[in-house]
Every structure is written in C-alpha cells, then in structure tokens.
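Before any comments, here is the structure.
The values are calculated or read from the model by the stated rules, or taken from the named source; none is laboratory data. This is a predicted model, so every value here is computed, not measured. Cβ placement follows ideal geometry from the backbone for every residue including glycine, while neighbour counts extend to all protein chains displayed. The area values use the complete protein model at the heavy-atom level, side chains included, leaving out ligands, DNA and RNA. Shrake-Rupley method; radii C 1.70, N 1.55, O 1.52, S 1.80 Å.
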Amino acid sequence: MLLRRIYRCSFSVARTCMTKSQRNGPSSSSNGTKTYFITTPIFYVNAAPHMGHLYSSVLADTSGRYQRLHGKDVLFCTGTDEHGLKIQQAADNNKKCPEEFVSEISNSFKTMFDSFNIQYDDFIRTTEQRHIHTVQKFWKKLESNGCIYKGSYEGWYSVSDEAFLSDNDVTDGKDKNGQNIKVSIESGHPVTWMKEENYMFNISKYKQQILQWLDSGAIQPDIFTPIVKSWIENIPDLSVSRPSSRLSWGIPVPGDDTQTIYVWLDALVNYLTVCDYPEQHQQYWPANVQVIGKDILKFHGLYWPAFLFAAGLEPPKKLFCHSHWLVNSVKMSKSLGNVVDPMIVKEKYSADVFRYYLLREGVPHQDGNYNEEVAMEYVNADIVNTLGNLIGRCTGMSVNPQQIYPRKNEDIYLSKITASDRETFENLDILVDTVCEHYEKMLFRPGIESIMSYLRWANGLVQQHEVWKLAKSENESDLLQLKCVIHIALETLRVSGILLQPVIPTLSNKLLNRLGIPANRRTLKCAKVSYLNSPDGYPLGPNEGVLLKKIKVKK
C-alpha cells in the first residue's frame with residue numbers, strides 16, 4: 001500500500017509497534033517533568049566561530065524548540081569559554097589584553113547565534129562574576145568531600161587542547177620547521193613535558209559509577225560509549241590546577257592564589273552556573289541533554305561525570321555527541337583556507353536554508369561532508385520544489401479563487417479519492433508520532449525525511465487529479481473534487497509546517513501564515529487534530545510571495 005511505500009520499513013515498524021498512548025499524542029520527555037534543560041558546549045574564544053560551532057547550536061536549538069511545542073519549560077544555554085593558557089597566548093599574539101580579546105570573539109558568537117535564530121535562554125561567559133562564584137563554590141565542595149589533594153604532576157600537556165596526556169596519547173611528529181617534536185595522537189597538536197606542583201583529583205575513584213552511567217545508555221549515539229570506556233582503564237589522577245605564574249588568565253583556587261583552576265574544570269561548571277548552583281540548581285539539574293562534538297567527548301564523558309559524582313550530584317541524563325563536518329571531503333583548516341564561515345553562507349542564502357541543510361544532511365555518528373552545490377540542491381529539491389511547489393499549487397488564484405482553506409465533501413472524498421490515498425491522509429497523525437519519535441532522540445534527518453515523503457505524496461495527489469483542469473470545469477462535482485484535493489494538500493502542509501517549526505522557524509512561520517493558521521494552533525497537539533471547524537472553510541492568510549525562490553549557487 002502507498003503508506004508503506006512512503007515510509008518503507010521504518011514507517012511500517014513505527015506503525016505496528018505504536019502503543020495507544022503514543023497514538024493519542026506525542027511522547028513526553030524522558031524525565032516525565034515539565035522542565036527540560038539542554039546545553040551546547042561553551043565555545044572556546046581563541047578564534048572566530050565556524051560551521052562546527054553552528055551545528056552544535058542548531059542541534060540544541062531544534063531540540064529546545066521541539067520541547068517547547070510540547071509545552072515544556074525549556075532552559076537552553078550556550079556561551080563562551082574564556083579562560084586558559086591558549087587564550088592568554090592568543091591575546092598576546094593579537095597585542096590585546098585578554099579582556100578585550102575575549103569580549104570581541106564572544107560577541108561574534110552571540111551575533112552568529114542571533115542571526116541563525118538560536119533561541120537560547122542564557123548566554124554564559126566564564127569571565128562573568130556569577131560563574132567565578134559558582135566555580136569556587138564547586139571547588140570548595142570537592143575539597144570538603146576530600147576529593148582534591150596537593151601533589152606533583154609530571155607528564156605531557158597540550159596547550160592547544162588544554163589537556164593532560166599520557167605516554168600512550170602522544171607520538172612523534174614534526175613542527176613547521178621540520179624539527180622532531182611530540183604531538184597528541186588524537187588532535188595532532190604539539191605537546192610539552194611539564195613537571196609542577198598542582199592540585200590533583202582522584203578520578204579513578206569514580207570508575208564504577210561512570211561505568212554504570214555509561215551502561216545506562218547515557219551517551220548517544222552509542223558508538224561513542226566504547227571509546228569512553230577505553231579511556232577509563234588505568235586512568236591516572238587528574239591535575240586540576242596550574243601554577244598562576246604560568247597561567248594567570250583563569251579563576252584562582254580558593255585560599256591559594258598561587259594556583260589557577262584547570263580550565264576544563266572551570267568550563268564544565270558553567271552548566272551548573274546557569275542552574276544557580278548550589279542554591280536553585282535542583283529545578284533543572286540534571287540536564288536532559290548536553291550536546292557536544294566528538295572532540296570534547298573525553299572531558300564530558302569522563303571528567304564531567306567524575307566531578308559531579310565527587311560533588312554528590314547526578315550526571316546529565318544524556319550526552320548527545322555529534323561528529324565533525326568536512327568541506328569537499330577535506331578537514332576544515334585555517335591553513336587550507338577552507339573554514340566555512342556561517343555568516344557568509346547566511347548572507348548568500350538565508351539562516352533557514354543553512355539550518356535546513358545541516359539538519360537534513362548531518363548524522364551524528366559520522367562526519368558530514370559540506371559541498372555548497374550539493375547543499376543547495378537539497379534545499380531546492382525539498383523546500384523549493386516540494387514544499388514551496390505544493391503550497392503554490394493549492395493557494396494560487398487559478399485553482400483557489402476564493403482563497404480559502406476548504407472543507408472536503410465526504411461523498412466526493414469517498415468516491416473520488418482512492419482507498420490507498422485516503423488511508424495515507426487519515427494517517428497524518430502517525431506522521432506526527434513518527435516525527436516526534438525521531439525528534440525526541442534528536443535524529444532530525446529521518447524526521448525531516450518522513451515529512452518530505454508525505455509532501456511528495458501530496459504533490460503526486462495534486463498532479464494525479466489535475467487540479468488545474470478541475471478549476472476550469474463548470475461541473476459542480478468537479479469543483480467539489482477540487483476543494484477535496486486542495487483540502488487534503490493543505491492539511492498535509494499544515495501538519496508538515498507545524499512539524500518543521502523547530503527546523504526552519506522562519507519559513508515555517510511564513511507557510512503557516514499563508515495557510516491562515518492562528519499562532520495558538522501551531523502546537524504538536526493541534527497537529528494531531530483535523531482543521532475542520534468551519535462549514536465553509538477558513539480564509540487563507542496574506543500572500544507574501546513564494547516560500548523560497550530557487551537557489552543559484554553564489555561563488
């Protein structure tokens with residue numbers, strides 16, 4: 001049947017396994033409460049924002065918007081990480097004081113987020129006084145729990161990664177002058193041997209708790225879980241401070257201004273700062289989802305839960321780890337000049353166009369490959385030719401001279417619409433459930449594919465019934481058939497528009513405005529209910545032109 005042809009095996013499984021409660025409405029979030037806390041990493045301000053930063057933010061923003069459509073009290077935070085030796089050095093290289101340097105770059109991140117409609121609730125900067133206050137309280141908690149001791153650290157340190165490394169984590173390499181050096185196996189960045197007196201954290205003490213957390217499926221996709229488990233074996237105690245003589249740009253250790261708190265301990269605590277730890281954090285902590293890139297998996301999948309366990313706090317419910325983006329199959333690099341600036345792409349096309357491509361093409365478990373021509377082909381095929389074409393066909397004056405969202409005549413519906421097409425149309429509520437199931441797991445690509453499959457079906461229905469011919473007929477039965485087909489198409493557009501709101505908020509708003517859908521009837525709950533409250537049909541909204549013009553790649 002057509003319904004299964006649309007969704008293939010995945011839809012068939014979703015349909016047969018759906019429980020009654022799932023059919024009655026979108027599933028609730030995993031913690032079953034009205035609050036939902038989602039975070040991005042705080043982004044390191046040693047350089048301008050790029051495509052990878054935007055991808056993390058779009059993933060989190062889309063999830064937050066989806067949860068808001070459920071009526072959840074969402075707290076979505078993002079921000080910038082502004083301490084550390086790397087930033088201290090970058091400021092020196094740019095002949096600026098650290099405060100001026102970090103403020104400029106932090107503002108560039110905020111500008112990018114605002115330009116791409118990232119609907120954050122809190123933008124945290126680690127140089128803020130509220131954060132310094134929280135980090136020092138957290139440090140004192142670790143100290144009072146006997147988790148920190150004074151000791152000596154001797155080993156490899158990567159300034160670029162702000163990470164301590166074991167002998168197994170480094171290998172031989174060459175610097176730009178061809179000299180032999182040691183580099184990080186994972187990142188390729190140079191490392192230096194250091195021996196100094198620091199405060200140490202006994203991370204191995206929390207090995208079993210971390211393993212239990214990992215075994216609960218906390219890291220998604222689960223292909224990343226074995227990687228974290230491999231790091232736990234024989235892990236040495238972690239240095240959690242640096243001498244302030246070496247690192248002055250950071251938060252002083254409480255009661256010992258000769259030491260500066262390790263930048264990753266400082267940075268990770270930002271998630272508690274926005275929850276108002278330790279006074280009010282219980283309202284939102286533990287986080288429902290923390291979105292991270294795979295390059296910072298060790299810090300969030302190993303160090304972060306250990307710090308939280310040591311402080312007597314629960315770890316996040318889920319870490320959603322995504323892979324990287326290549327450009328024309330090559331890793332982005334400033335030296336190669338192939339770093340994608342999201343602001344340039346946005347100015348050439350639009351924020352929604354780039355958002356759509358990232359979510360439509362990106363999958364978390366493997367690196368994406370950005371090719372601008374291919375990206376715009378996706379957008380043209382889906383948004384212009386499928387979504388835009390359907391709304392244009394059904395709202396144009398030639399086929400819809402009354403400019404209404406018509407009712408369907410039941411007799412015509414049963415006699416002129418095939419049983420297969422009726423079944424597909426009557427299962428729009430299953431489309432909502434299917435898409436919500438994907439969105440709940442932050443798997444936006446299959447959710448979008450499900451929506452586009454339905455829109456392609458609706459386009460085919462309009463083509464099959466040749467609405468342009470029906471519109472020219474003077475036969476009443478033909479005109480009722482026309483209204484019936486338009487109703488089916490507009491209902492499919494209405495439901496699709498509601499489901500696409502988290503993905504392309506501006507274009508979805510334009511679509512729903514054109515359909516005349518009131519702002520208070522754009523929730524997921526409304527998507528499950530037919531729009532049939534008027535005997536004569538609702539008036540359409542104003543015509544603001546085509547949804548999106550066909551995109552030509554701009555060099």
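Table for the structure above
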item	result
Farthest positive-ward along the chain dipole, Cα basis, beta-carbon charges - from G151, G250, H438	H438
Anchor K298: lysines whose Cα lies under 20 Å away (excluding residues fewer than 8 positions away in-chain)	K86, K205, K207, K229, K317, K318
Hydrodynamic radius by Kirkwood, which averages 1/r over all alpha carbon pairs of the range 261-400, in angstrom	18.6
q = 0.16, 0.31 Å⁻¹: log10 I(q)/I(0) that the Debye formula gives for the range 287-335, counting C-alpha atoms only	-0.55, -1.15
Where the range 454-555 is the region considered: accessible area per residue in Å², 1.4 Å probe	47
Carbon plus sulfur fraction of accessible area for the chain, probe 1.4 Å, in percent	49
Largest-first principal axis extents of the Cα set of the range 434-529 (Å)	49, 26, 22
Accessible surface ranking that places the most exposed of M332, M194 first, with a 1.4 angstrom probe	M332, M194
The chain - Rg (one decimal) and Dmax (whole number), Cα, Å	26.8, 91
Heavy-atom SASA rank of E476, E449 (probe 1.4 Å, accessible area, largest first)	E476, E449
Debye, to nearest 20: dipole size of the range 165-228, +1 on Lys, Arg Cβ, -1 on Asp, Glu Cβ	80
Nearest-10 value in Å² for the accessible area of W264, using the 1.4 Å probe	30
Which of C484, L455, G516, positive extreme of dipole for the chain (C-beta unit charges)	C484
Per residue solvent-accessible surface (Å²) - the range 106-175, probe of 1.4 Å	46
Cα point-scatterer Debye curve for the range 358-481, base-10 log of I(q)/I(0) at q = 0.15, 0.18, 0.21, 0.22 Å⁻¹	-0.84, -1.07, -1.28, -1.34
Selected from I124, Y356, G312, residue furthest toward positive end of dipole (the chain; charges at beta carbon)	Y356
Point-charge dipole on Cβ atoms (K/R +1, D/E -1) for the chain, about Cα centre, debye to 20	1420
Size of charge dipole - the range 400-555 - debye, nearest 20, with Cβ of Lys, Arg +1 and Asp, Glu -1, no other charges	1020
Surface per residue (accessible, 1.4 Å probe) for the range 308-410, Å²	41
